[in-house]
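Let me begin by presenting the structure, written as structure tokens, before commenting on it.
The values are calculated or read from the model by the stated rules, or taken from the named source; none is laboratory data. All values reported here derive from a predicted model rather than from experimental measurement. FYI the Cβ positions are ideal-geometry reconstructions off the backbone, even for glycines, and counts take in every protein chain you see.
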Amino acid sequence: MKTVILKWSIGIALGAAAGFLYWYYIGCTSGSCAITSSAVNSTLYGGLMGGLLLNTFESKKQSNETGKASDQ
């Protein structure tokens, strides 16, 4: 359980940092871009995407606990 929380936390933190850096260096200055026109929107979207991306990777320990047969 702790590894799941740690995985989500790391993903959200990395995604939020990436979202903020994207807004800071590349972001939309005209205000017509829904996500990148605001630092808050860009950071929250980056955190969401980072959490989802990092959570897609499954470790072998978790897959063996669910009863799946190993490929050995």
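Some observations on this one:
- Each residue in segment 28-46 was checked for being surrounded by fewer than 17 Cβ atoms within 10 Å (Cβ to Cβ) and assigned to a loop (DSSP other than H, G, I, E, B), and 10 pass.
- Selection status of S63, over 19 Å from the mean Cα position of the chain (by Cα), more than 17 Å from V4 (Cβ to Cβ) and modelled with pLDDT under 80: no
- The single condition from (1) modelled with pLDDT of 90 or more; (2) surrounded by fewer than 15 Cβ atoms within 10 Å (Cβ to Cβ) that M49 fails is (2).
- Checking each residue in segment 1-27 for being out of contact with any helix residue (DSSP H, G or I) (no Cβ under 9 Å at 6 or more places or on another chain) and either surrounded by 12 or more Cβ atoms within 10 Å (Cβ to Cβ) or not in a helix (DSSP H, G or I) (or both) picks out M1, I26.
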